[in-house]
């Protein structure tokens, strides 16, 4: 994407600049650091009984303002056909071309100061990288929103109507419920508990309380930070149904907009913590594959876990699940009773089941976690039998999906059932994968070219046929053996 | 292959210990040390043998099955289409015995399977076959 040859295309018309206030908003990023430095130097000078030397703060601010101004001067962007081109850099030129067809997600980030100035930062992620590939900091709010639509639509002229911003709201979180859910989390309880007990201790043994407080200060502060991040990060959460995925907007001081594309969901997890259960609340998380690249060292895949619903009722959760996975609700069965001997603490939650397309498993000791995995996304099926399970005649079957953390676990099933599951699940996965690959010719209709690769043969004579550069080739494959046979005439 | 490794270690180890103890404490201590090393070696080779026997693989039409483990028995079914890349490695001891290890990588961290101790020719054949199958059955994420 990045090219090191500036001005390969003669600089013509259509270049646009960032918002004139962006240098100011950029300096705004430094405000917390500057405030901290100011605080430190003030405290220091008080201790030393001298006047505070804060000149260097002014210098830092000025230098960064100057840098921001130069950055603004040299940054420009425009559309060149189907690519967005961003040029920046004074000494080391950086020119990026972002093909619209490969745009995977566009996030809008608005820090506090930027929000006060009415500007937003636009971050573009391409398929195949997982990290931010292009950023425009900052654009006017309206311009950023419009550009986001244009980028997501794939073409900067057509399809605008398709991705209008007025989707159906799917779920939202009221501030009261968010506050309640954060207060009822383990971190908050530890935090509040220790502060209260410190206060009580202070009444009777002030000196001990002081020592303990000094000892615990670092931990308490970091806990408070976690609580704060949860509150501020998920404040005003709203999920809206969009054509390409679920759009999420959240944040108190910094607003974040992100998109969870429907087709890239590897697994969905619903967690019901013990303390939330009286209120019927739950949390919904999704694992989303960040890239399609299959590179040789296997680093191509990055899977991110995103909160799809920080807190909500079972109904909210079910509603979202219905939209994302089509509400799979296969019958779940608990493991045999003797599994209690092997898993005494989690037996009460254990159950699992599957239908033709999805596997559903419930696990957990204190918090109940339900995991849905589309079998189409399964990477491998594993059967594991430990030394405790063998005498009991039990085995666990895992359905692994991309990423490190999530998998569906059919825990402690009968050995015979486990063996059957391994066969059934791998067969169903194979069927789902073949079904899940529509003909690439269909996907060209919306203006994007399907990537080259092996797809089910449209003629039906062979298992797969190679699709390249917008047409079918003569290369075919059956059970892994390649041969050649002319493609059917173009349709 | 592991049996050969253990045997080699045992012989070298016992010779080494024997020499050290002979130099330091005289003949009786050296003999005792020798016996201990030989016993440990025998026990180890028994474990390793069971481990070796438990390790097996099966190529099927659509997927590869790898089973291993004595205490914890594991069996993985990896579809060819899900393999991201296949790796062939050979450590110094494996090279000594003309052996190689084939490793399969998928996008899921948990499902990575490996087959150690294959004859070189067989390992190369397996790698080529898996790569070819993987390419022609590749499915997107």
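None of the figures in this text is laboratory data; all of them are computed from the coordinates on show. None of these values were measured; they are calculated from a predicted model. Neighbour counts are summed over all protein chains in view; Cβ atoms, including those assigned to glycine, are modelled from backbone coordinates with ideal geometry.
Across B:44, B:126, B:22, mean-square fluctuation computed from a Gaussian network of chain B (C-alpha pairs under 10 Å connected) peaks at B:22.
Name the shape class, rounded, prolate or oblate, that the alpha-carbon gyration tensor gives for the stretch B:24-141, where a ≥ b ≥ c are the square roots of its eigenvalues, rounded holds for a/c under 1.5, and otherwise prolate holds if a/b is larger than b/c and oblate otherwise. Here the stretch B:24-141 falls in the prolate category.
Please label the shape of the stretch A:221-289 as rounded, prolate or oblate, based on the square roots a ≥ b ≥ c of the eigenvalues of the alpha-carbon gyration tensor (a/c under 1.5 means rounded; beyond that, a/b larger than b/c means prolate, else oblate). Taking the square roots of the gyration eigenvalues as a ≥ b ≥ c, the stretch A:221-289 is oblate.
Residues A:107, A:55, A:94, A:457, ranked from the fewest to the most other C-beta atoms within 10 Å, line up as A:55, A:94, A:107, A:457. Note on chain B: with a GNM built from Cα contacts shorter than 10 Å, the maximum mean-square fluctuation among B:72, B:102, B:11 falls on B:72.
Restricted to Cα atoms, the stretch A:64-130 shows a radius of gyration and a Dmax of 13.8, 36 angstrom. From the largest down, the stretch A:54-96 spans 50, 16, 11 angstrom on the principal axes of its Cα atoms.
From helices alone, chain B scores -18000 deg cm²/dmol at 222 nm; the rule is -39500 (n - 2.57) for each run of n ≥ 4 DSSP H residues, then divide by the residue total. Largest GNM mean-square fluctuation among B:42, B:110, B:30, using chain B with Cα springs under 10 Å: B:110.
For chain B, relative contact order (Cα pairs under 8 Å, six or more residues apart, normalised by length) works out to 18 percent. Taking a ≥ b ≥ c as the square roots of the eigenvalues of the Cα gyration tensor, the stretch B:1-77 is prolate, since a/c reaches 1.5 or more and a/b is larger than b/c.
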